Amino acid sequence: MSPSKADWQNLDEYLNVFAQITRNFMADLDERPVGQITPQLAKLPVSLQGEGFHQALAYLCDHIIPQLSASRGPRYWGFVTGGATPVATFADWLVSTFDQNLSFDGDSVACEVERHTIRWLCEMFDLPETFNGIITTGATASNFLGALCARQFAGEQQGIDVAKQGAYQLEVEIFATTPHASMIKSLGMAGLGQQSVTRVNAKPDSEAIDVQHLAELLEASQKPAKIIIASTATVTLTDFDDLQAISQLAQQHNAWLHVDAAFGLFARLLDDEKKRNLVDGIELADSITLDSHKWLNVPYESGVFLTRHLDKLFASCNVPAPYLASNHEAPSFLALGIENSRRFRALPVWFTLLAYGKQGIASWINQSVNLAQQLAQKIDASAEYELVHPCQLNVVLFRPACDNLQLDIANQKTAEYLKAINLDGRLFLSPGRWQGKNIIRMALSNWETDQLDIDIAIQCLQDIAKQLN
Ligand SMILES: Cc1ncc(COP(=O)(O)O)c(C=O)c1O
């Protein structure tokens, strides 16, 4: 079977089937196990002649859809997972309809939409106009761009254009306390080395940088170039680094400051002034990572990379080629990012910002934090579970009650509970580790999570405790 233009005569049928599948998927979301823990898929040989739309559709409906997770639903609390709001979902459908390529300007308005989106995001998060950037596939890609810019900056201090000449002669020291795994991955991919980080002590009972120790390490460093990686909400404790103090040190030592604010930047939208102020100083960073498919609740894949030094991004990603030239005064996106050809993934973000506005978005950010606090209090008050750390933002850290149990036995008990909770199907949670303890993480970042979900979660935890005791 090969496609033919006449297939578009079936457009109405495709749209009807699409609407039906979408309606069914949304309607079943609450009954669907939140996570599919043991999916199975028969290995088929590649089809030679093609099975045609109806056969492929039947296979999709019989074997794939029933085994998908309800990760877009309100009780998928593993990792840091957003859902997708109705308007973001709608805009994302249209991305395929329009199928634009946002490499460079010259054939449509789409790149301009991405620039407006970046500007709106900066405005919403109170970041100065000196920041610019690009929509990425997620926080990992943004952290990678951060590593590339920092590497380019370090090279310039030593007369090396790293993008052109390579990183093998580069001398640089990288300082971090609790970098996200994706940051470590990015350092490896950027040729700086996954194991190259000088670990700065954390503050007591915290994952945040001990600024005094950082100051000492910077002072003692013999390397001609320095990079500091900070966090605006670490993935386990959701700790915020003191960016005012750290940016001062960065300035003093001519170091690049990259801040992974994948979900923590959203704290700028909270009603609680104390929590809002935790983000203070981020405007002094050289580069920032932000994720839209987390708390902004747009569909995967959507992240943002922001920097005050677009020239470093351009130097890292641009390759002159006559057929890629553009007349637009702003640099082409293909010269600012990983991909040359790029999806119109700005559209769901643009649509979200326009349709819901800062206040609409802030409403679900506040709701996540309030519900997480409530969940933490209920767990703290229960006999069967213990809170491992006070809930500081949208993440609840707990384990089954382990009084007097040896660490390895407590860890095993925690792993068993997590497995049983995820097999139950009402919740999907992920593991974590804090001070040598296995812990269970619940991260609330879905716009749809409400009081009923908290009640279901508490009931689920009680049922599991009964089942395992
Ligand atoms: C702080 C932080 N940085 C980076 C990432 C990686 O994000 P992504 O999976 O979107 O690449 C995460 C994901 O949880 C995160 O929490």
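For this structure, a couple of remarks:
- Residues of region 168-195 that are open to solvent by 30 Å² or more (accessible area, probe 1.4 Å), farther than 21 Å from Ile135 by Cβ, touching a residue at least 24 places away in the same chain (Cβ under 8 Å) and part of a loop (DSSP other than H, G, I, E, B): Glu171, Thr178, Gly191.
- Top-ranked residue in region 41-52 [being over 30 Å from Leu423 (Cβ atoms) and in a loop (DSSP other than H, G, I, E, B); ranked as least open to solvent (accessible area, probe 1.4 Å)]: Gly50
- Hits in region 246-273 - residues which are in contact with a Gly (Cβ under 8 Å, 6 or more places away or on another chain) and open to solvent by 30 Å² or more (accessible area, probe 1.4 Å): none
- The sole residue among Leu278, Leu296, Leu313, Leu290 that is open to solvent by less than 50 Å² (accessible area, probe 1.4 Å) and either touching a Lys or Arg at 6+ places or on another chain (Cβ under 6 Å) or assigned to a helix (DSSP H, G or I) (or both) is Leu313.
- When Ala202 is tested against (1) surrounded by fewer than 19 Cβ atoms within 10 Å (Cβ to Cβ); (2) away from the ligand (no atom under 16 Å from the Cβ), exactly one condition is not met: (2).
- The residues listed here are Trp256, Trp295; of these, the one that is among the aromatic types (Phe, Trp, Tyr) and either more than 16 Å from the ligand (Cβ to nearest atom) or out of contact with any helix residue (DSSP H, G or I) (no Cβ under 6 Å at 6 or more places or on another chain) (or both) is Trp256.
- Flag for Leu121 being in contact (Cβ under 8 Å) with a residue 24 or more places away in the chain, within 16 Å of the ligand (Cβ to nearest atom) and open to solvent by 10 Å² or more (accessible area, probe 1.4 Å): no
- Inside region 395-413, residues that are open to solvent by less than 10 Å² (accessible area, probe 1.4 Å) and hydrophobic (A, V, I, L, M, F, W, C) make up a count of 6.
- Qualifying residue in region 145-167 (condition: assigned by TED's automatic domain parsing to the domain that holds Asn318, within 28 Å of Leu354 (Cα to Cα) and open to solvent by less than 60 Å² (accessible area, probe 1.4 Å)): yes
- Between Ala176, Ala141, Ala147, the distinction of being of a type in the set (A, V, I, L, M, F, W, C), within 16 Å of the ligand (Cβ to nearest atom) and farther than 22 Å from Asp311 by Cα belongs to Ala176 only.
- Selection over region 80-123 of residues that are farther than 21 Å from Ser326 by Cα, part of a helix (DSSP H, G or I) and among the small types (Gly, Ala, Ser) gives a count of 3.
- Within region 325-362, the residues that satisfy the criterion of being assigned to a helix (DSSP H, G or I) and open to solvent by 70 Å² or more (accessible area, probe 1.4 Å) are Leu354, Tyr356, Lys358, Gln359.
- Scope region 53-93; condition within 16 Å of the ligand (Cβ to nearest atom) and either of a type in the set (A, V, I, L, M, F, W, C) or open to solvent by 50 Å² or more (accessible area, probe 1.4 Å) (or both); matching residues: Arg72, Trp77, Phe79, Val80, Ala84, Ala88
- In this entry, Ile134 passes the filter for residues that are touching a Leu at 6+ places or on another chain (Cβ under 6 Å), within 16 Å of the ligand (Cβ to nearest atom) and either at pLDDT 95 or above or not polar (S, T, N, Q) (or both).
- Residues located in region 1-37, provided they are over 30 Å from Ala457 (Cα atoms), aromatic (Phe, Trp, Tyr) and surrounded by 13 or more Cβ atoms within 10 Å (Cβ to Cβ): Tyr14
- Within region 299-310, restricting attention to residues that are open to solvent by 30 Å² or more (accessible area, probe 1.4 Å) and either among the aliphatic types (A, V, I, L, M) or farther than 25 Å from Trp256 by Cβ (or both), the residue that is farthest from the ligand (Cβ to nearest atom) is Leu310.
- Within region 1-40, being assigned by TED's automatic domain parsing to the domain that holds His63, of a type in the set (Gly, Ala, Ser) and part of a loop (DSSP other than H, G, I, E, B) holds for one residue alone: Gly35.
- Only residues that are polar (S, T, N, Q) and either over 21 Å from Gln36 (Cα atoms) or open to solvent by 70 Å² or more (accessible area, probe 1.4 Å) (or both) were counted in region 414-469, giving 7.
- Of all the listed residues (Ser316, Ser231), the sole one being closer than 22 Å to Met442 by Cβ and of a type in the set (Ser, Thr, Tyr) is Ser231.
- Within region 94-108, one or more residues are within 21 Å of Trp295 (Cβ to Cβ) and either within 16 Å of the ligand (Cβ to nearest atom) or not assigned by TED's automatic domain parsing to the domain that holds Leu336 (or both).
The values are calculated or read from the model by the stated rules, or taken from the named source; none is laboratory data. Small disclaimer: the values here were computed from a predicted structure and weren't measured. With ideal geometry, Cβ positions are generated from the backbone for all residues, glycine too; neighbour counts draw on all protein chains shown. Accessible surface areas use protein heavy atoms only, side chains included; no ligands, DNA or RNA. Shrake-Rupley method; radii C 1.70, N 1.55, O 1.52, S 1.80 Å.
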